[in-house]
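Below is one structure, written out as structure tokens; the observations come after it.
The values are calculated or read from the model by the stated rules, or taken from the named source; none is laboratory data. Source: prediction; values computed, not measured. Methodologically, a virtual Cβ is constructed for each residue, glycine included, from the backbone with ideal geometry; neighbour enumeration extends over all protein chains shown.
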Ligand SMILES: [Fe+2]
């Protein structure tokens, strides 16, 4: 961990600049039948998206987390004092809730989120020296840019940490998770994690179905889940249609 945070103090080299390009919408002419089928498919997709939370109309937010830009190595940038609006998370499909692990009503809210989103699996991850085997090595892996084929869902019960996620311009956005913060990173998003100054965090891990924790390190541009994620990011029309439901 010492190595990890030491890295955050150094200036990175040239940040990799791989901005995503907007796709121009094609002007395909549908027959009436095809158009109807397409609309039905979109409606079905929208219902499924509501269930799974792909780019919902609004992020369920209260007691919002602090969000700001960092450099390629996690270092502060010149504008590091500037906090970003939470729409920054919304546009890349990241969800956030704030619960209170000490309050019974949060149990109900957590149960509702799990029910609504199908998170039937749950376990705990205690990341701290002496508690987690191969602590330094695991932290190094957590901080290596990667994606998963499924959502990454974490509820912070103690301590804190930083989830860094790539924005639409392929820059790092840092989300500071503290006690009570619950975050869902969409499948296919590039991200990394490290601890904050507290040097420990206790997380609840949730999952839909049998858990798969496999991390696919960048680059993964041929991975179908990555391709689907990027397509959704860029597809403004679909985004508007989904938001309208
Ligand atoms: Fe991850």
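In table form, for the structure just shown:
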| read-out | value |
| --- | --- |
| Total residues in region 148-162, condition over 22 Å from residue 221 (Cα atoms) and more than 10 Å from the ligand (Cβ to nearest atom) | 9 |
| Whichever residue in region 152-169 is in contact (Cβ under 8 Å) with a residue 60 or more places away in the chain and within 14 Å of residue 93 (Cα to Cα) and, among such residues, is surrounded by the most Cβ atoms within 10 Å (Cβ to Cβ) | 165 |
| Yes/no for residue 188 being under 21 Å from residue 98 (Cα atoms) and touching a strand residue (DSSP E or B) at 6+ places or on another chain (Cβ under 8 Å) | no |
| Residue check for residue 225: under 19 Å from residue 86 (Cβ atoms) and modelled with pLDDT of 95 or more | no |
| Residues of region 120-147 that turn out to be within 16 Å of the ligand (Cβ to nearest atom), more than 17 Å from residue 178 (Cα to Cα), touching a residue at least 60 places away in the same chain (Cβ under 8 Å) and in contact with a helix residue (DSSP H, G or I) (Cβ under 8 Å, 6 or more places away or on another chain), as a count | 4 |
| Unmet criterion (only one of (1) more than 15 Å from the ligand (Cβ to nearest atom); (2) under 19 Å from residue 135 (Cβ atoms)) for residue 205 | (1) |
| Residue in region 54-62 that is within 22 Å of residue 213 (Cα to Cα), away from the ligand (no atom under 16 Å from the Cβ), crowded, with 19+ Cβ neighbours inside 10 Å and within 13 Å of the chain's Cα centre (by Cα) present | yes |
| In region 63-102, residue farthest from the chain's Cα centre (by Cα) [restricted to those that are surrounded by 17 or more Cβ atoms within 10 Å (Cβ to Cβ) and at positive phi] | 74 |
| Pairs with Cβ under 6 Å, 6+ apart, first in region 183-205 and over 27 Å from residue 225 (Cα atoms), second at pLDDT below 95 and within 12 Å of the ligand (Cβ to nearest atom) | none |
| Residues being assigned to a helix (DSSP H, G or I) and either at pLDDT below 90 or in contact with a helix residue (DSSP H, G or I) (Cβ under 6 Å, 6 or more places away or on another chain) (or both) - total across region 89-103 | 1 |
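This table checks each residue for (1) within 14 Å of the ligand (Cβ to nearest atom); (2) more than 22 Å from residue 160 (Cα to Cα).
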position	(1), (2)
192	yes, no
196	no, no
200	no, no
221	no, yes
226	yes, yes
